[in-house]
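Enquirer: Take a look at the following structure, please.
The values are calculated or read from the model by the stated rules, or taken from the named source; none is laboratory data. Keep in mind the model is a prediction, meaning the values are calculated, not measured. Glycine gets a Cβ as well: all are built from the backbone with ideal geometry, and neighbour counts include every protein chain shown. The protein model used for the area step is the full one, side chains on, heavy atoms only, and it has no ligands, DNA or RNA in it. Shrake-Rupley method; radii C 1.70, N 1.55, O 1.52, S 1.80 Å.
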Amino acid sequence: MNGLKVLTSFQIGRRIKDGFSVGYNIVFPMVLTLILGVLTRNQFDDVITSYQYYTVVMIPFCACMALITAAYAGKDEAYTKTAVRFVMAPISERQIVLSKIFSCTIVFSTCNCFTFVVCGCIWKLPKKVEWILICLLLVAMSFCVATIGVFIGIGMKNFLFVKNLVNLPIALCAVAAGVFYPFGTSNPLVQDILNLSPLTHVNRYLFAILFDHMKSGVYLLILIHVVIGVFVSILAVKTFKKEVFLHGDLSGY
């Protein structure tokens, strides 16, 4: 257990120093919210401003984009040619995997909750009491994203290929969820397609909490993220292979 604590602390330091977590989970959503909020400010009414809308939808999207950072974290020792030290050290394979998952979860959660609170205060999101529940959802999302990312990362060989592969479905889910521009439809078939995006459900519940005073379903959504995260964590530990962990090339760098 002590070894896991030390490893997790070490990995947290790496995640903060590499700049990706802070850049993509704090700077990126704030800048996008500001830009898109300015561009669409005349297309919203007094009930919800453009800045409030993009605060709600942009943070979960960036939380999902952190999957790429978690994938890199799963194999960064191989890219920096220090993976042999981890394999030869008196630590278990389980500790290596869990330290990466825990560190990514802690850093992503902190960044996402910080960004939400700051943006919420700046652009005056309502129902501040419910912000705690929203932060719990962001923590659950961060845990789920971290486990999937690390699971992909510890088994990949080419980071740039995986990055480009993962970007496409996340972007499609974001478009379907109205992250870049809000839209609706009365066509049942189109609505069913939009509902295939996990971000559609996350955004729907966030708006329901903040503007419709409804909490039903949010606890189930949090539970689903946690269950998926636990399942993928177990799968990542079970499928971890030292020979794969040692090998990795970062093309173009």
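Enquirer: Relative contact order, percent, of the chain when contacts are C-alpha pairs under 8 Å separated by at least 6 residues?
Expert: In percent, rounded to a whole number, it is 28.
Enquirer: Which value, in Å² and to the nearest 10, is the accessible area of MET30 when all protein chains are kept and the probe is 1.4 Å?
Expert: 50 Å²
Enquirer: Counting pairs of alpha carbon atoms under 8 Å apart in space and at least six apart in sequence, what relative contact order in percent does the range 94-157 give?
Expert: Averaging sequence separation for qualifying contacts and normalising by length gives 55 percent for the range 94-157.
Enquirer: Still on this structure, please answer the following. Filter the cross-link list LYS5/LYS75; LYS163/LYS242; LYS100/LYS163; LYS75/LYS215 down to pairs whose alpha-carbon distance in this structure exceeds 28 Å.
Expert: Over 28 Å apart, Cα to Cα: LYS75/LYS215.
Enquirer: In whole percent, and with a 1.4 Å probe on the protein chains, what portion of the accessible area of the range 1-126 is carbon and sulfur?
Expert: Exposed carbon and sulfur together represent 69 percent of the surface.
Enquirer: Under a point spin-label approximation (7 Å from Cα along Cα-to-Cβ), what is the VAL84-ILE48 distance to one decimal in nm?
Expert: Those two pseudo-labels are separated by 5.5 nm.
Enquirer: Compute a Gaussian network model of the chain, connecting alpha carbons closer than 10 Å, and tell me which residue from ILE154, ILE193, ILE12 fluctuates the most.
Expert: ILE193
Enquirer: Moving on. Go through the range 16-85 and name the trypsin sites (Lys or Arg not before Pro) that are in a DSSP coil and have 15 or fewer other Cβ atoms within 10 Å of their Cβ.
Expert: Counting only loop positions with at most 15 other Cβ atoms within 10 Å, the trypsin sites (Lys or Arg not before Pro) in the range 16-85 are LYS81.
Enquirer: Determine the shape class of the range 1-96: with a ≥ b ≥ c the square roots of the Cα gyration tensor eigenvalues, call it rounded for a/c under 1.5, and otherwise prolate if a/b is greater than b/c, oblate otherwise.
Expert: Prolate, since a/c reaches 1.5 and a/b exceeds b/c.
Enquirer: With the cut-off at 1.5 for a/c, could you classify the range 86-174 from its C-alpha gyration tensor as rounded, prolate or oblate?
Expert: oblate
Enquirer: Run the 1.4 Å probe and let me know the accessible area of THR40, rounded to the nearest 10 Å².
Expert: Number for this one is 10 Å².
Enquirer: Could you do me a favour and compute the accessible area per residue for the range 1-48, 1.4 Å probe, result in Å²?
Expert: Ligands and nucleic acids excluded, the result is 64 Å² per residue.
Enquirer: If one takes the longest principal axis of the Cα atoms in the chain, at what angle in degrees, from 0 to 90 and to the nearest 10, does the Cα axis of helix 28-39 lie?
Expert: On a 0 to 90 degree scale, this one is about 20.
Enquirer: Note down the net charge around VAL218, summing +1 for each Lys or Arg and -1 for each Asp or Glu among other residues with Cβ under 13 Å from its Cβ.
Expert: +1
Enquirer: Taking 8 Å as the Cα distance limit and 6 or more residues as the minimum spacing, I'd like the relative contact order of the range 1-138 as a percentage.
Expert: That works out to 40 percent.
Enquirer: Among ASN195, ASN42, ASN112, which one moves the most in a GNM of the chain with springs linking Cα atoms closer than 10 Å?
Expert: Among ASN195, ASN42, ASN112, the largest GNM mean-square fluctuation belongs to ASN42.
Enquirer: Okay, next question. Give the accessible surface of the range 98-147 per residue, rounded to a whole number of Å², with probe radius 1.4 Å and ligands, DNA and RNA excluded.
Expert: 35 Å²
Enquirer: Decide, for the range 120-253, between rounded, prolate and oblate: order the square roots of the alpha carbon gyration tensor eigenvalues as a ≥ b ≥ c, take rounded if a/c falls under 1.5, and otherwise choose prolate if a/b is larger than b/c, else oblate.
Expert: Verdict is prolate for the range 120-253.
Enquirer: At each listed q (0.07, 0.13 Å⁻¹), what is the log10 of I(q)/I(0) that the Debye formula gives for the chain modelled as equal alpha-carbon point scatterers?
Expert: Taken in order of the listed q values, log10 I(q)/I(0) reads -0.25, -0.82.
Enquirer: Can you pull a Stokes-Einstein diffusion coefficient for the range 86-130 at 10 °C (1.306 mPa s), Rh from Kirkwood over Cα pairs, as a whole number of µm²/s?
Expert: Roughly 122 µm²/s, to the nearest whole number.
Enquirer: While we're looking at this one, here's another question. Considering only C-alpha atoms, what is the centroid distance from the range 187-224 to the range 55-110, in Å?
Expert: 28 Å
Enquirer: In the Gaussian network model of the chain, springs joining C-alpha atoms below 10 Å, which of ILE16, ILE122, ILE134 carries the largest mean-square fluctuation?
Expert: ILE122
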